[in-house]
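Chemist: Got a structure for you, written out below as structure tokens; questions coming shortly.
What follows draws every value from the coordinates through simple rules; no lab data is involved. Note that the coordinates shown come from a computational prediction; the quantities given were computed from them, not determined experimentally. For neighbour counting, all protein chains shown are included, and Cβ atoms are generated from backbone atoms with ideal geometry for every residue, glycine included.
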Amino acid sequence: MTTTEHKHLTIPAGLSKDGKRAAKIISNYLIKSELLWAESDLFMDPKEWSDRGEDYGDGSVLILLHETGDAGEALSYDKAAYAPRPYHHLEELRKRLAEAGLFSEQMHSWSSAVYVN
């Protein structure tokens with residue numbers, strides 16, 4: 001499966017090189033881990049986020065919206081706590097991002113931002 005088979009994993013066109021790299025790492029991990037159910041898009045361009053007037057996420061390369069869906073197991077401490085394997089996916093994805101010089105920071109229970117180390 002590829003990200004093009006999953007509409008909610010569509011990578012926004014305006015992302016920076018680092019933002020696209022982060023989105024690909026996250027997409028590949030979610031597909032591999034079968035954390036695919038979602039009701040809405042996961043990725044958002046940080047500029048679009050800022051234009052909405054959001055308070056957090058300044059300087060990020062990618063915004064993650066994980067209010068609905070399985071991706072929360074890998075992106076949200078709240079949802080990871082209740083996953084079948086608590087915190088497993090969250091820690092695995094954090095390692096993969098770190099290997100690429102990236103890290104994610106949860107902003108709300110339903111959103112996170114990805115930054116360059």
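Chemist: Checking the conditions here, which among 21, 52 is touching a residue at least 60 places away in the same chain (Cβ under 8 Å) and not hydrophobic (A, V, I, L, M, F, W, C)?
Modeler: The match here is 21.
Chemist: Right, next: Can you give me the number of residues within segment 17-73 that are among the polar types (S, T, N, Q) and closer than 15 Å to residue 90 by Cβ? Don't jump to the end; show me each part of the working.
Modeler: To start, the set of residues in segment 17-73 that are among the polar types (S, T, N, Q) comprises 27-28, 33, 40, 50, 60, 68.
With the extra rule that they be closer than 15 Å to residue 90 by Cβ, the set shrinks to 33.
Matching residues across segment 17-73 total 1.
Chemist: Condition first: among the acidic types (Asp, Glu) and part of a strand (DSSP E or B). Now tell me which residues in segment 58-112 satisfy that.
Modeler: Within segment 58-112, 105 is the sole residue that qualifies.
Let's see how each residue does on (1) under 18 Å from residue 116 (Cα atoms); (2) basic (Lys, Arg); (3) under 14 Å from the mean Cα position of the chain (by Cα):
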| residue | (1), (2), (3) |
| --- | --- |
| 10 | no, no, yes |
| 16 | yes, no, no |
| 24 | yes, yes, yes |
| 32 | no, yes, no |
| 75 | yes, no, yes |
| 88 | no, no, no |
| 102 | yes, no, yes |
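One line per residue, one yes/no per condition, for (1) without any contact (Cβ under 8 Å) to a residue 60 or more places away in the chain; (2) within 19 Å of residue 35 (Cβ to Cβ):
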position: 73; (1), (2): yes, yes
position: 76; (1), (2): yes, yes
position: 82; (1), (2): yes, yes
position: 87; (1), (2): yes, yes
position: 92; (1), (2): no, yes
position: 110; (1), (2): yes, yes
position: 117; (1), (2): yes, no
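Let's see how each residue does on (1) out of contact with any Leu (no Cβ under 8 Å at 6 or more places or on another chain); (2) loosely packed, with under 14 Cβ neighbours inside 10 Å; (3) of a type in the set (Ser, Thr, Tyr):
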| site | (1), (2), (3) |
| --- | --- |
| 68 | yes, no, yes |
| 77 | no, yes, yes |
| 84 | yes, yes, no |
| 105 | yes, yes, no |
| 108 | yes, no, no |
| 113 | no, no, no |
